[in-house]
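Shown next, in structure tokens, is the structure this report addresses.
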Amino acid sequence: MLSLKALGKAGDATANQFLVHALREQRPDDGLLSEEEKDNPDRLQQSRVWIVDPVDGTNNFAVGKPPFGIIISLSDGGEILSGWIYDPLKDRLCTAHKGKGACVNGERVTARTTGETPPIAAISTMFLDPAAREAVKERIAPYYTLVDIPRCAAEQYPRLVLGVNDISVFERTLPWDHAAGVLFVNEAGGRAARPDGSPYRTDQHGQKGLFAASSPALFDEFVKRSSV
């Protein structure tokens, strides 16, 4: 795999240039889609496509504060095969490969809940319409401890596996932000899926809504709460 440490403090353009060049050099027969070059999302329907977010958490990075990270995933016909999430400040590399489990810095990990009552839910209402915001207030807030999101998927998904958060909700589900994290959570034994339980796919461009939880039981309970 590429050395990501050298990119840790680089900007979007620099990191994107390095990653795109390296992937095209090492995997010339594969497809590639970068957040910085998202001109043709239809290519995600093709076989073996690398998906790159050179700096996730750009707003944080731009003001010089954590968290931010680098996200890379590999999909085949819309199915996520592999994912890498690198936090350069913590030197933490989360990896997952379909059917082979999840690791942090090479050590196998299993998702764990926070153990808190009520469970901790990281939910942003930033992109929700007024009706959806009201639904969160009425259906979700009484049963969960709501916390702010880190505005960085490269941090939010590891929090679900490492016992920091129990639930996360995402409205926008762009593949460069979510493909690697979804696979990481699922391979660690948590659950990340569409609200109706269907699997997240990278070729569902434009589809909104994604729930992720540190355990399948918490996922199922949250679905029930949110659909009342």
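The values are calculated or read from the model by the stated rules, or taken from the named source; none is laboratory data. The structure displayed is predicted, hence computed values, not measured ones. For neighbour counting, all protein chains shown are included, and Cβ atoms are generated from backbone atoms with ideal geometry for every residue, glycine included. What goes into the accessible areas is simple: the full protein's heavy atoms, side chains included, and nothing from ligands, DNA or RNA. Shrake-Rupley method; radii C 1.70, N 1.55, O 1.52, S 1.80 Å.
Candidates in segment 204-222 are the residues that are over 15 Å from the mean Cα position of the chain (by Cα) and either among the acidic types (D, E) or at pLDDT 95 or above (or both); of these, the one that is nearest to G106 (Cα to Cα) is S215. E116 passes every criterion in (1) assigned to a helix (DSSP H, G or I); (2) out of contact with any helix residue (DSSP H, G or I) (no Cβ under 9 Å at 6 or more places or on another chain); (3) of a type outside the set (S, T, Y) apart from (1). Candidates in segment 91-111 are the residues that are among the charged types (D, E, K, R) and exposed (fewer than 15 other Cβ atoms within 10 Å of the Cβ); of these, the one that is farthest from Y200 (Cα to Cα) is D91. One residue stands out among those in segment 92-108 that are of a type in the set (D, E, K, R) and assigned to a strand (DSSP E or B): the one that is farthest from G189 (Cα to Cα), which is R92. The residue pairs whose first member lies in segment 137-149 and is open to solvent by 50 Å² or more (accessible area, probe 1.4 Å), whose second member is assigned to a helix (DSSP H, G or I), and whose beta carbons are closer than 8 Å, counting only pairs six or more residues apart or on different chains, are R139/R225; R139/S226; Y143/R225; L146/I140. Give segment 143-166 a look and list any residue that's of a type in the set (D, E) and either closer than 11 Å to G190 by Cβ or modelled with pLDDT of 95 or more (or both), or say none. Hits for segment 143-166 are E155, D166. Mind listing whichever residues of segment 90-109 are under 17 Å from the mean Cα position of the chain (by Cα) and in contact (Cβ under 8 Å) with a residue 12 or more places away in the chain? R92, L93, C94, T95, A96, H97, K98, G101, A102, V104, V109 - these are the residues of segment 90-109 that are under 17 Å from the mean Cα position of the chain (by Cα) and in contact (Cβ under 8 Å) with a residue 12 or more places away in the chain. Kindly indicate the residue of segment 115-136 that is under 15 Å from the mean Cα position of the chain (by Cα) and either open to solvent by 20 Å² or more (accessible area, probe 1.4 Å) or over 23 Å from L93 (Cα atoms) (or both) and also modelled with the highest pLDDT among those meeting that condition. Once the filter is applied, the top-ranked residue is I123.
Under the condition of being among the hydrophobic types (A, V, I, L, M, F, W, C) and modelled with pLDDT of 70 or more, the residues counted in segment 1-27 number 7.
Helices (runs of 4 or more DSSP H) fully within segment 136-228 that include at least 3 residues being under 26 Å from L32 (Cβ atoms): 153-161, 175-187.
Among the residues of segment 54-89, those identified as open to solvent by 30 Å² or more (accessible area, probe 1.4 Å) and in contact (Cβ under 8 Å) with a residue 12 or more places away in the chain are T58, N59, F61, P66, D76, E79, L81, L89. Take A154 and tell me if it is among the small types (G, A, S), open to solvent by less than 10 Å² (accessible area, probe 1.4 Å) and closer than 27 Å to A15 by Cα. Here the answer is yes, as A154 does meet what is asked.
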